[in-house]
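Everything on this sheet refers to the single structure shown next.
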Amino acid sequence: MVIFGGTGDLAHRKLYPAVYNLFLSGELPENFAVVAVGRRNKTIEEFRNDVEQAIHRFSRPNNGSPAQLDKALSMFYYYRLDIYNADGYSRLGRYLSEVDKVHGTNGNRIFYLAVAPEHFQPIVENLKAAGMVLNDGASWQRLVIEKPFGSDLNSAIMLNEAINRVFGEQHIYRIDHYLGKEMLQNIMAIRFANALFEPLWNNKYIDHVQIISSETVGVENRGAYYEKAGALRDMLQNHMLQLLMLTAMEPPAILDNNSIRDEKVKVLKSLSEMTSEKVLRQVVRGQYGRGQIDGKMVPGYREEKGISPSSDTETFIAMKVEVENFRWGGVPFYLLTGKRLPVKFTEIVIQFVSLPEVLYFKELRGLKPNTLHIRIQPTEGVELYFNTKKPGIRNEIIQVGMDFCQNCDVDAVSPDAYERLLLDVMKGDSTLFTRWDEVEYAWRFVDRIARAWKEEKPIFPNYPASTWGPYEARKLIERDGRRWHVV
Ligand code: BG6
């Protein structure tokens, strides 16, 4: 695995600990090595020392024995390269051949682009020019590419064409790290493996769906990127739409990568068109101002490092989306995501229809609807709320919850998303990666919102840090006679 951006944050926080945990769990292939590519001057020893620190800081609790750590570190190499120096790639190629000899990796390569998006295309073109991408049957070369994949439809098409000149679609693995999360993979199992849910999963029995991914952090040190992205491109275009697709898709004919992704894309194709009027009515954007967290004042978005004091970038979105097909016609999907909200969690809430208020419910009124909560993080699990008779002589009904928590047991630590995703790339399974048409239709949807927003200047900031976003987000759902489950 050749990691461009090998001295960067993603590599240290996520990739090296993931490789190490795969090694500890015995999942890593025998013949495997990591070559980190970076601009800085480093000896292999210095680099291995960095990897060790990264493992200590960011790895899951089980750190293995010193002997295991030494063995794992012996698979890590460092190669200094200016990624814009085309000649350097042939030398890198020769270095990789040397590593092949030590580790028996036979010319098979995963090229992992953990770099800023403007470097994607030049790296890929230089790899091709140096004859490092063959896929000739004797060896394989795969490309793993981090988000953002373009900043709108046009730039994504251009990037895709450039990459396709070097790698075929079957060799491209576009990362959406949400797809590596245990509970996202579980959505299909919960839906399609339960007679209790599957027959009810449609507009006859479901009133509406809420998909919420809230964060407590602000923009952190990513001002330059986030100013251009905002919550729309950073969270909605990818993670939120993935959650929506998995919740709404039809069962695939078979469980292979293309059948699953075919069904997911159909959901995107069924999204109702976001006209400017609809965007005004159904999409709320927000930006956090100053606020208090744990008794301490935190700055507003416009006061953060690298952010323009008059920035119009949104850090919050709430919206109502319609999936216009036979299963979902008439069922709204409400999406909410934002930074500097009071709690960090991701959850899908399925609210079932209300029953007619007859029988003895008539007097009681306010019978609560059944809800199913698919908890993605930090708690992983499922909770189902339903009504029972309150013990006692009066016919009172109360709502109770049944709770399955997958990660409450201390021994049940779920693998990090990157562990699963890296392993799938090694195996050549692209199911949990974004296919080009998913990216394309996601941009089509998001571009319309971005275009409509350009016409209206927002009044920002419009929510204090550590609150649930602007008042309009509440209004959006309350005017339909519903309420956010968390707000
Ligand atoms: C990333 C976004 O893709 O996802 C970040 O760029 C965001 O802005 C992060 O914080 C959220 O991921 P998670 O796994 O913490 O929910």
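The values are calculated or read from the model by the stated rules, or taken from the named source; none is laboratory data. In this text the structure is predicted, and so the values were computed from the model without any measurement. No Cβ is skipped: glycine too gets one built from the backbone with ideal geometry, and neighbour counts run over all protein chains shown. Please note that ligands, DNA and RNA were not included when accessible areas were found on the heavy atoms of the full protein model with its side chains. Shrake-Rupley method; radii C 1.70, N 1.55, O 1.52, S 1.80 Å.
For Ser139, are the conditions met, namely being polar (S, T, N, Q), more than 30 Å from Ala442 (Cβ to Cβ) and in contact (Cβ under 8 Å) with a residue 12 or more places away in the chain? So Ser139 fits the description; yes. Residue count for segment 309-325, restricted to those that are open to solvent by less than 10 Å² (accessible area, probe 1.4 Å) and not in a strand (DSSP E or B): 2. Counting only helices (runs of 4 or more DSSP H) that sit completely within segment 44-121, those holding 1 or more residues that are among the hydroxyl-bearing types (Ser, Thr, Tyr) correspond to 86-103.
The set of residues from segment 217-235 being touching a strand residue (DSSP E or B) at 6+ places or on another chain (Cβ under 7 Å) and either more than 11 Å from the ligand (Cβ to nearest atom) or in a loop (DSSP other than H, G, I, E, B) (or both) comprises Gly218, Leu232.
With respect to being hydroxyl-bearing (Ser, Thr, Tyr), under 22 Å from Glu419 (Cα atoms) and touching a residue at least 40 places away in the same chain (Cβ under 8 Å), Tyr112 fits the description. Among residues of segment 181-213 being closer than 19 Å to Asp416 by Cα and open to solvent by less than 10 Å² (accessible area, probe 1.4 Å), the one that is farthest from the ligand (Cβ to nearest atom) is Ile187. Scanning segment 280-288 turns up no residue that is of a type in the set (A, V, I, L, M), farther than 24 Å from Asp437 by Cβ and within 16 Å of the ligand (Cβ to nearest atom). Candidates Ile212, Ile175: the one that is among the aliphatic types (A, V, I, L, M), within 30 Å of Ile477 (Cβ to Cβ) and at pLDDT 95 or above is Ile212. Restricting segment 190-204 to residues that are part of a helix (DSSP H, G or I) and among the aliphatic types (A, V, I, L, M), the residue that is nearest to Phe333 (Cα to Cα) is Leu200. Of all residues in segment 380-419, those satisfying the criterion of being open to solvent by less than 60 Å² (accessible area, probe 1.4 Å), within 16 Å of the ligand (Cβ to nearest atom) and of a type outside the set (Gly, Ala, Ser) are Glu380, Asn407, Pro415, Asp416, Tyr418, Glu419. Restricting attention to segment 156-180, the residues being open to solvent by 40 Å² or more (accessible area, probe 1.4 Å) and either among the hydroxyl-bearing types (Ser, Thr, Tyr) or in contact with a helix residue (DSSP H, G or I) (Cβ under 8 Å, 6 or more places away or on another chain) (or both) number 4. Look at (1) assigned to a loop (DSSP other than H, G, I, E, B); (2) open to solvent by 60 Å² or more (accessible area, probe 1.4 Å); (3) within 16 Å of the ligand (Cβ to nearest atom) and you find that Ile254 fails only one, number (3).
If you go through segment 11-36 and keep only what is among the hydroxyl-bearing types (Ser, Thr, Tyr) and open to solvent by 10 Å² or more (accessible area, probe 1.4 Å), you end up with just Ser25.
Condition (residue is over 24 Å from Phe32 (Cα atoms), in contact with a strand residue (DSSP E or B) (Cβ under 6 Å, 6 or more places away or on another chain) and touching a residue at least 24 places away in the same chain (Cβ under 8 Å)) applied to segment 142-159: is it met by at least one residue? Looking through segment 142-159, at least one residue is over 24 Å from Phe32 (Cα atoms), in contact with a strand residue (DSSP E or B) (Cβ under 6 Å, 6 or more places away or on another chain) and touching a residue at least 24 places away in the same chain (Cβ under 8 Å). Against the criterion of being touching a strand residue (DSSP E or B) at 6+ places or on another chain (Cβ under 8 Å), assigned to a loop (DSSP other than H, G, I, E, B) and closer than 20 Å to Pro148 by Cβ, Gly306 does not qualify. Would segment 283-296 turn up any residue that is surrounded by 14 or more Cβ atoms within 10 Å (Cβ to Cβ) and part of a helix (DSSP H, G or I)? Taking every residue of segment 283-296 in turn, none turns out to be surrounded by 14 or more Cβ atoms within 10 Å (Cβ to Cβ) and part of a helix (DSSP H, G or I). Of all residues in segment 387-424, those satisfying the criterion of being without any contact (Cβ under 8 Å) to a residue 24 or more places away in the chain and assigned to a loop (DSSP other than H, G, I, E, B) are Lys390, Pro391, Gly392, Ile393, Arg394, Asp409, Val410, Asp411, Ala412.
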